[in-house]
1. Just to verify a result, which residue in region 246-295, among those that are assigned to a helix (DSSP H, G or I) and of a type in the set (Asp, Glu), is surrounded by the most Cβ atoms within 10 Å (Cβ to Cβ)?
2. Based on this model, can you work out whether Pro60 counts as over 22 Å from Val179 (Cα atoms) and either in contact with a strand residue (DSSP E or B) (Cβ under 9 Å, 6 or more places away or on another chain) or among the hydrophobic types (A, V, I, L, M, F, W, C) (or both)?
3. Take the residues of region 263-277 that are free of Cβ contacts under 8 Å to residues at least 60 places away in the same chain and closer than 10 Å to Ile213 by Cβ: which is nearest to the chain's Cα centre (by Cα)?
4. Can you name every residue in region 280-314 that is of a type in the set (D, E, K, R) and under 17 Å from Pro263 (Cα atoms)?
5. Could you say which residue among Asp243, Asp196, Asp229 is in contact (Cβ under 8 Å) with a residue 12 or more places away in the chain and part of a helix (DSSP H, G or I)?
6. Any residue in region 235-251 that is in contact with a Pro (Cβ under 8 Å, 6 or more places away or on another chain), at pLDDT 90 or above and not assigned by TED's automatic domain parsing to the domain that holds Pro92?
7. Kindly establish whether Asp211 is at pLDDT below 95 and either of a type in the set (Val, Ile, Thr) or outside any strand (DSSP E or B) (or both).
8. Listed residues Asp211, Asp177, Asp196; which is under 17 Å from Ile73 (Cβ atoms) and of a type in the set (Asp, Glu)?
Amino acid sequence: MYKIRRGFRLFGLTLLAIVLFSACVSSNFSQNLTNSTDLLPSQCRIVKHIMGETCVPNNPQRIVVLDGPSLEIPLVLGLKPVGASIFFGDVPAYLQKKAQGVAIVGESGKPNLEKILTLKPDVILSVSNWRQQGSLYNQLSQIAPTVTCEWSDDKIFRWQECFQSFAEALGKSSEADIVINNYQQRVRNLQQALGDSLHTTEVSLVRIYGDRIRLRGEGGHLCSMVIQDVGLPRSPIQKKGIDISIESIEYADGDVIFLQQHPQADNYNYILNHPLWLQLNAVQSGKVYEVGDDYWHGGSYIAANLILDDLFKYLVK
């Protein structure tokens, strides 16, 4: 009986120690959160965004970006974040050189708050279409001033609005204007190079997934928005993004097809060798162009300029 009572006492003491340790860690965590956002008015600027107003440091240096597409924005402005969350377990190939050394702080939509805290950010950039709102936004705001942008909805991809909003938060609005003007000039150069074919070349955007074929709509993704900026016509069936099966593959046809392969599309070769796919006009005329899924599905001006590179390469003769 004595041994049993002694065992219970030891268990109780161990449990008490765990509780006290956890409380201590939690207290320190909360204290760090509180201290991380104490800024005098003279040390920061008010930035308006969809979650309200945030006082952002005048010259932020330790930037954390949440959700893959927003990683491009500081990079194209000449800033390297200290941390980022990512899609599919790795930084996109087209950003890896510029983003070398950036710490990974979780997957898009599932940031690791403790990892973010250890990086001691002075600003966090977050996009809202992955539900970076409500309680999660409040937690992020306790770590550092947090600016968020509504990246997209079912109708439109707001990449240019978010670029300008985040550039303002980073104190890089003038640099952002240069990036925008350079992109717009390249669009005009492409339009001029295309000549009459600009208005007669119907473009189809196709992305193959593991379980379906996706026809990109006019406004839902970066590639669609760049095509729209250039002014290339789209098939009426692709006004909105739709999913189709191989039996409806005729809806994927166009004068040219730009083809993307989702990272998990293990049926890619099956689709490309299917008799129905091989009957498409674009396939038979040799005008199907396989392009980089990562940057055609990117988030800002680095990817947008790579898409323009492809359009120059494949459409300008």
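The values are calculated or read from the model by the stated rules, or taken from the named source; none is laboratory data. Just so you know, these numbers come straight off a predicted model, no measurement behind them. Cβ atoms come from the backbone with ideal geometry, glycine included; neighbour counts cover every protein chain shown.
1. To start, the set of residues in region 246-295 that are assigned to a helix (DSSP H, G or I) comprises 246-252, 268-272, 275-278, 281-284, 293-295.
So of that shortlist, the ones also of a type in the set (Asp, Glu) come out as 247, 250, 293-294.
Numbers: Glu247: 8, Glu250: 13, Asp293: 19, Asp294: 21.
It comes out as Asp294.
2. Details: over 22 Å from Val179 (Cα atoms): no; either in contact with a strand residue (DSSP E or B) (Cβ under 9 Å, 6 or more places away or on another chain) or among the hydrophobic types (A, V, I, L, M, F, W, C) (or both): yes.
Considered against the rule, which asks whether it is over 22 Å from Val179 (Cα atoms) and either in contact with a strand residue (DSSP E or B) (Cβ under 9 Å, 6 or more places away or on another chain) or among the hydrophobic types (A, V, I, L, M, F, W, C) (or both), Pro60 comes out as no.
3. Checking each candidate, the answer is Ala265.
4. Taking region 280-314 first, the residues of a type in the set (D, E, K, R) are 287, 290, 293-294, 309-310, 313.
If the condition is that a residue be of a type in the set (D, E, K, R) and under 17 Å from Pro263 (Cα atoms), then Glu290, Asp293, Asp294 are the ones that fit.
5. Numbers: Asp243 fails: part of a helix (DSSP H, G or I); Asp196 fails: in contact (Cβ under 8 Å) with a residue 12 or more places away in the chain.
From the options Asp243, Asp196, Asp229, the qualifying one is Asp229.
6. Residues of region 235-251 that are in contact with a Pro (Cβ under 8 Å, 6 or more places away or on another chain), as a first pass: none.
No - not one qualifying residue is present in region 235-251.
7. yes
8. Numbers: Asp211 fails: under 17 Å from Ile73 (Cβ atoms); Asp196 fails: under 17 Å from Ile73 (Cβ atoms).
Being under 17 Å from Ile73 (Cβ atoms) and of a type in the set (Asp, Glu) holds for just one of Asp211, Asp177, Asp196, which is Asp177.
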